[in-house]
Every structure is written in structure tokens, then in C-alpha cells.
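*Asks:* I'd like to ask some things about the structure below.
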Amino acid sequence: MRRGGVRRGVSISVALLPGSTRSGSLNTRLAGVVADELRARGVDADQIDLADYPMDLYDADAEAARGQPQAARDLHDRLQGHDGLIIVSPEYNGGPPPLLKNALDWVSRIDRGVLTPMLHGIAAATPGRRGGQTVIAVWKLLYDHMGLDAHPGKISLGAADDAFGPAGLARPDDAELVGAYLDGYVATLRSRAQASAA
């Protein structure tokens with residue numbers, strides 16, 4: 001049975017993909033909070049560090065000459081079989097970080113089908129007060145373009161330099177936002193699991 005399968009009550013699994021490898025990254029910290037909250041809801045959370053998958057910028061000529069990089073294949077294989085994928089994305093001048101976009105571009109070149117069965121989610125944390133609203137909108141457009149099933153809503157943390165404490169989120173409103181989003185996200189995953197097991 002595939003990892004993260006849903007038959008006969010097998011646990012549901014979600015991959016978390018932060019778009020930054022920077023030490024102290026707000027989005028990596030947010031991914032950790034989301035992972036903990038998913039586990040508290042009985043979901044297997046797999047937080048991925050893109051520093052473990054170094055790869056050059058996508059280049060069609062390089063791909064034709066040398067094929068896909070092994071790191072891209074390894075990332076593809078790690079994503080395989082998860083029931084959901086939540087991207088946790090910084091916002092760079094209103095757009096997605098090249099590191100994250102490039103990783104997904106390579107994975108889609110190997111087999112976009114690995115992303116298709118998943119329920120996709122989006123989260124962002126930024127020092128500014130808008131909480132990555134622009135990059136969230138961009139990712140939703142990309143999900144739509146790729147024909148991926150995106151859960152409605154988002155996790156958006158503004159002024160995120162002050163959002164985290166020793167035990168996770170420091171502000172009750174942020175904790176409520178994350179909890180409400182994940183309640184809906186997990187409920188949808190479980191509904192899909194029940195439908196596929198019927």
C-alpha cells in the first residue's frame with residue numbers, strides 16, 4: 001500500500017514545503033507550527049528542507065543534455081504518495097521565491113502527476129503586515145494553471161517577526177487562524193479518504 005494511503009483507516013499524510021532555507025526563516029518556523037498542528041489532528045506531517053535537494057535552475061537544454069538532476073528525482077519520490085501538500089512561501093517582490101518555484105518546476109518535468117492527487121494548501125509569513133497576500137494569489141493562479149486541487153482559504157501571517165514564541169505562535173489570533181484553516185483542510189482530506197475507500 002502506498003505511503004499516506006487512505007484505505008481501512010490508514011493515516012493521512014501531508015508534505016510541508018517551506019520556500020526558504022535561511023537560518024531562522026519565518027516560513028520554516030511557520031511550517032513547523034503547521035506540522036505540529038497537523039500531527040495534533042492525527043495527520044502524518046512530513047516537513048521537507050529544500051537544502052537537502054540542491055538543483056540548478058531549470059534549463060531545457062541542460063535537461064536534454066543531462067536529464068533531470070538526481071535531487072529533483074529524490075524530491076519527486078519523497079512527495080509521492082502524500083495525500084496533501086502545503087507550500088509555505090516567502091514573498092519576494094510580490095512573487096514566489098525562485099528556490100521553491102524551481103523545485104516544483106523540476107518535479108513537474110519528471111511527472112506532474114505526482115502533484116495531481118494531492119489537496120494543495122498555501123501558507124505565508126512575512127515581516128510586512130499584508131502577510132504574503134500577493135504571493136498567495138500568485139500560487140493560487142499557478143495551482144489553477146497546473147490543474148491542481150487547492151483548498152480554499154490560506155494561512156497568512158503578517159508582522160511575523162513577532163508571531164512566534166518558545167512554544168509556537170505567540171498571538172492568539174494567529175493560532176486561531178492556523179487552527180481554523182487546518183480544521184477545514186483536514187476535514188476535506190478525511191472526506192476524500194472516505195470517498196476513495198467506499
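The values are calculated or read from the model by the stated rules, or taken from the named source; none is laboratory data. Owing to the predicted nature of the structure, the values given are computational and were not obtained by experimental measurement. Virtual Cβ from ideal backbone geometry, glycine too; neighbours counted across all protein chains shown. Accessible surface is based on the protein model in full, side chains and every heavy atom, while ligands, DNA and RNA are left aside. Shrake-Rupley method; radii C 1.70, N 1.55, O 1.52, S 1.80 Å.
*Asks:* Might you report the magnitude of the Cβ-based charge dipole of the chain about its Cα centre, with Lys and Arg at +1 and Asp and Glu at -1, to the nearest 20 debye? Intermediate results must be reported in sequence, preceding the final value.
*Replies:* Details: 21 positive and 24 negative charges, 104 e Å.
In total the dipole reaches around 500 debye.
*Asks:* Work out the charge dipole of region 1-142 with +1 on the Cβ of Lys and Arg and -1 on the Cβ of Asp and Glu about the Cα centre, then indicate which of Leu30, Leu75, Tyr92 is farthest towards its positive end.
*Replies:* It is Leu30.
*Asks:* Put +1 on the Cβ of each Lys and Arg and -1 on the Cβ of each Asp and Glu in region 130-186; which of Gln133, Ala159, Tyr185 then has its Cα farthest toward the positive end of the dipole?
*Replies:* Gln133
*Asks:* Remind me, relative contact order of the chain in percent, using alpha carbon pairs under 8 angstrom and six or more residues apart?
*Replies:* Values: 340 pairs, mean separation 44.9, N = 198.
Here the relative contact order equals 23 percent.
*Asks:* From the Cα gyration tensor of region 76-128, with a ≥ b ≥ c the square roots of its eigenvalues, which class applies: rounded if a/c is under 1.5, or else prolate if a/b is larger than b/c, or else oblate?
*Replies:* Values: a/c = 3.08, a/b = 1.67, b/c = 1.85.
Verdict is oblate for region 76-128.
*Asks:* Then there is this: Counting only heavy atoms of the protein chains, get the accessible area per residue of region 40-198 (1.4 Å probe) and round it to a whole Å² value.
*Replies:* Solvent-accessible surface per residue comes out at 48 Å².
*Asks:* Same structure again: For region 19-157, which whole percent of the accessible surface, found with a 1.4 angstrom probe, sits on carbon and sulfur atoms?
*Replies:* Result for region 19-157: 48 percent of the exposed heavy-atom area is carbon or sulfur.
*Asks:* What fraction of the DSSP beta bridges in region 1-123 is antiparallel, stated in percent and rounded to the nearest 5?
*Replies:* Values: 1 of 15 bridges.
Expressed as a percentage, antiparallel bridges in region 1-123 total about 5.
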